[in-house]
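Presented below is the structure to which this report refers.
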Amino acid sequence: MYITRKVVTEALKQVIFFAKQDNIVNLNMVDDIEIKGNEVKVNIVFPKLDDPAVGIIYNSVVKTLKQELGEDVKVDVAPIAEADKGRGPLAGVKNVIAVIAGKGGVGKSTVAANLAVSLLKAGKSVGVLDADIMGPSVPMMFGVEGQQPGVIEREGKPIMIPIENYGIKILSLGFFVQPDQALMWRGSMINKAFNQLMEDSDWGTLDYLVIDMPPGTGDIQLTLGQSYNVRGTILVTTPQKVATADVRRAAMMYRQESLTIPLLGIVENMAYFVPEDMPDKKYFIFGKGATDELAQELDIPVLGRVPIVEKVVESGDNGAPITLDDNSSVSEAFREIAKNVEQRLEIL
């Protein structure tokens, strides 16, 4: 049988990269195909070479090509890391930081948005990806509701250009759905949407991409840990023990052997209430101590504590994160958090 590049390519469309739920050809993972007589060499690009999927894909490619081309065909598969090829959707991003929570309602999106602004004010280039598929709130927080990202074509494929506001690049599924539209999606649809936001976009060069993750331990958390190079995660909790119990489960997910991502630390949101007319008073409405116990148990630091301030809600609803105001006590808290995040990254 005379082996052609077209025949090999068509055969490789049968090989599925399950983390991204598509075949390796459509995912542009096939970097090169060399054919010499009955010898076929295939270079395949992976996000990370320590991914267990590398071995699975390797075996699947060999098996598929032998089935399609004949058992006498010699197949050589060469795994290559995206970083070594200078490619990948996040090739220009130095640090991907995921902001996670065990449950909703703890202010995770507020922490993600204001951390991004604080990093920007520290002189960094920053992007925010709203991966909270079921409840995208970043467009509202940054005052870009109703807008849509630009689109360019690259190698025959549409690529999204993030919207920019306050100097921060922003992408969210919220740009593509109506505010009153209910998203009744299965896991495969959620994963596909997340991968499109991550891969079919041009973030350019960034010091930080802050990802506002959905609460819990679901499909997107698995995909992020298995398919992308994440520098670290930030846990968000409120002081109640019920909240810290939930975030403990989320933290342990990223300490699984197949999903090991460094835990940078914990941000305690709604830590205490300070009345405007009594700035020296602190009222620990939700209690205290549980966050410190969790930090000690996980052997990670508390990155900072964010007080309850009415203007936090007002600023988010008005599309201007409160940390844009340098004089706010909340801004001071987030400056400390951003500083601690950078210090943690330096030692990890």
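Considering only alpha-carbon pairs that sit under 8 angstrom and 6 or more positions apart, the relative contact order computed for the chain is 18 percent. At q = 0.13, 0.18, 0.22 Å⁻¹, what log₁₀ I(q)/I(0) does segment 97-225 have when each alpha carbon counts as one equal point scatterer in the Debye sum? Summing over Cα pairs of segment 97-225 leads to -0.50, -1.00, -1.49.
Considering only D132, D292, D72, the Gaussian network model of the chain with Cα springs below 10 Å gives its largest mean-square fluctuation to D72.
Of all the options V61, V73, V309, the one that moves most in a Gaussian network model of the chain with Cα springs shorter than 10 angstrom is V73.
Report the convex hull volume per residue for segment 5-85, counting only C-alpha atoms, in Å³.
Values: hull volume 6.6 nm³, N = 81.
In segment 5-85, the Cα convex hull volume per residue is 81 Å³.
Per-residue ellipticity at 222 nm, computed for the chain from helices alone with -39500 (n - 2.57) per DSSP H run of at least four residues, works out to -10000 deg cm²/dmol. Normalised by 2.2 N^0.38 Å, where N is the number of residues, the C-alpha radius of gyration of segment 70-139 stands at 1.74. The convex hull drawn around the Cα atoms of segment 93-347, when projected onto a plane and averaged over every direction, covers 13.8 nm². Each residue in L120, L222 was given a count of other beta-carbon atoms within 10 angstrom of its own, and listing them fewest first yields L222, L120. Using a cut-off of 22 Å between Cα atoms, the listed pairs K48/K85; K121/K282; K124/K169; K108/K241; K108/K157; K94/K339 include K121/K282; K108/K157 as exceeding that distance.
Bear in mind these aren't lab numbers, they're just calculated from the coordinates by the rules spelled out. Since the model is a prediction, treat every value here as computed from it, not as a measurement. Glycine also receives a Cβ, built like all others from the backbone with ideal geometry; neighbour counts cover every protein chain displayed.
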